[in-house]
Amino acid sequence: MTPSDTITERAKAVRLLVLDVDGVLTDGRITYTDAGDEIKRFHVRDGSGLKIWRSLGLHAAVISGRRSKAVERRAAELGLAPVLLGREEKRPALTELLAHLGLRPEQACAVGDDLPDLPVLRACGVRVAVADACAEVRAAADYVCRTDGGAGAVREAVEWLLALRGEWAGVVARYQG
């Protein structure tokens with residue numbers, strides 16, 4: 001098998017998208033109001049991509065080192081589950097997540113941007129880095145997005161995975177009527 005055949009076969013096995021939040025679903029900036037509320041910005045195309053992913057009967061979940069009501073709200077809007085927040089050690093959280101869903105690590109694709117994401121990326125069958133990820137995460141990735149975190153990188157990752165699986169053209173056709 002060529003390396004491209006290998007990644008295609010691994011992509012076909014993926015049933016779960018595991019996402020970091022800060023730097024992946026957001027641009028990594030954290031804003032606090034004077035009242036102490038946290039503000040995060042999420043890109044609508046990431047949400048659209050996740051809805052497409054889930055419409056195909058696939059799972060998407062979040063593992064983040066921080067806790068955030070904004071993340072809980074966005075995850076609920078998109079039907080992401082489980083949402084594991086406040087997990088500084090992400091590898092044990094991945095083990096818990098996979099057990100909960102009855103999946104094996106090779107059935108997961110992780111999307112990350114920073115060093116705490118490396119243990120999860122290395123454990124998953126397919127690894128994706130956002131364009132502005134740190135060098136170590138980019139080096140560990142099977143695919144490095146052209147798009148920065150918080151700017152549609154998750155959507156790009158979904159398109160890439162579904163194209164490898166031979167499913168993206170069908171998704172596009174569905175929307176073209």
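Points 7 angstrom from Cα along the Cβ direction at LEU101 and ARG29: gap in nanometres?
3.1
Only four residue types carry charge here, +1 at the Cβ of Lys and Arg and -1 at the Cβ of Asp and Glu. Report the dipole size of the chain about the Cα centre in Debye, rounded to the nearest 20. Display every interim value, and only then the final one.
Values: 25 positive and 25 negative charges, 107 e Å.
Around 520 debye, computed over the chain.
In a Debye calculation with equal point scatterers on the alpha-carbon sites of the range 44-88 and no solvent, what is log10 I(q)/I(0) at q = 0.23, 0.27, 0.31 Å⁻¹?
Result of the Debye calculation: -0.78, -0.97, -1.12.
Given the DSSP H assignment, sum -39500 (n - 2.57) over each helix run of at least 4 residues in the chain and divide by its residue total; what's the result at 222 nm in deg cm²/dmol, nearest 500? Walk me through the intermediate numbers first.
Values: 8 runs with 78 residues, N = 177.
Taking each H run of at least 4 residues, the total per residue is -13000 deg cm²/dmol.
Starting from 0.36 nm per residue, how many nanometres of slack lie between GLU88 and ALA131 once their C-alpha separation is accounted for? It would help to have the intermediate numbers written out before the result.
Details: separation 43, 0.36 × 43 = 15.48 nm, distance 2.27 nm.
Gain on stretching GLU88 to ALA131: 13.2 nm.
Roughly what % antiparallel, to the nearest 5, for the DSSP beta bridges in the chain?
Working: 2 of 18 bridges.
Taking every DSSP beta bridge with both residues in the chain, the antiparallel ones total about 10 percent.
What residue among LEU118, SER68, TYR32 has its Cα farthest toward the positive end of the dipole of the range 27-177, where the charges are +1 on Lys, Arg and -1 on Asp, Glu, each on the Cβ?
Going by the charge dipole, the pick is SER68.
Using Cα atoms only, what is the angle between the long axis of helix 69-78 and the major principal axis of the chain, expressed in degrees (0 to 90) to the nearest 10?
Around 30 degrees separate the two axes.
Within the range 70-177, report the trypsin sites (Lys or Arg not before Pro) that DSSP leaves as loop and that have at most 13 other Cβ atoms within 10 Å. Walk me through the numbers on the way to the answer.
Details: sites: ARG73, ARG74, ARG87, LYS90, ARG122, ARG127, ARG138, ARG146, ARG155, ARG165, ARG174; in loops: ARG87, ARG146, ARG165.
Listed in order of number, the matching sites are ARG146.
Suppose each label sits 7 Å from its Cα in the direction of the beta carbon; what would the ALA169-ARG146 distance come out to in nanometres?
2.0
Which log10 I(q)/I(0) values does the chain give at q = 0.08, 0.12, 0.14, 0.15 Å⁻¹ under the Debye formula, counting every alpha carbon as one identical point scatterer?
Log10 of I(q)/I(0), two decimals: -0.22, -0.50, -0.68, -0.79.
Relative contact order of the chain, please, whole-number percent, based on alpha carbon pairs below 8 angstrom and at least 6 residues apart.
27
Using θ = phi - 60° and the Karplus relation 6.51 cos²θ - 1.76 cosθ + 1.60, list the HN-Hα couplings for the range 164-173 in order, rounded to whole Hz, with x at every Gly or Pro.
Working through the residues one at a time gives 4, 7, x, 10, 5, 4, x, 5, 4, 4 Hz.
Where does the charge balance sit around ILE63 when Lys and Arg score +1, Asp and Glu -1, over other residues with C-beta under 15 Å from its C-beta? Intermediate results must be reported in sequence, preceding the final value.
Details: positive: ARG66, ARG67, ARG74, ARG87, LYS90, ARG91, ARG122, ARG127; negative: ASP20, ASP22, GLU72, GLU88, GLU89, GLU96, ASP113, ASP114, ASP117.
Summing Lys/Arg as +1 and Asp/Glu as -1 gives -1.
Students often get this wrong: which residues of the range 42-60 have the backbone nitrogen under 11 Å from the point 7 angstrom along Cα-to-C-beta of ALA70?
Within reach of a label on ALA70: 42-43.
Read-outs throughout are calculated quantities, based only on the coordinates presented, and are distinct from any laboratory measurement. Since we're looking at a predicted model, the values are computed, not measured. We place every Cβ from the backbone using ideal geometry, glycine too, and count neighbours over all the protein chains shown.
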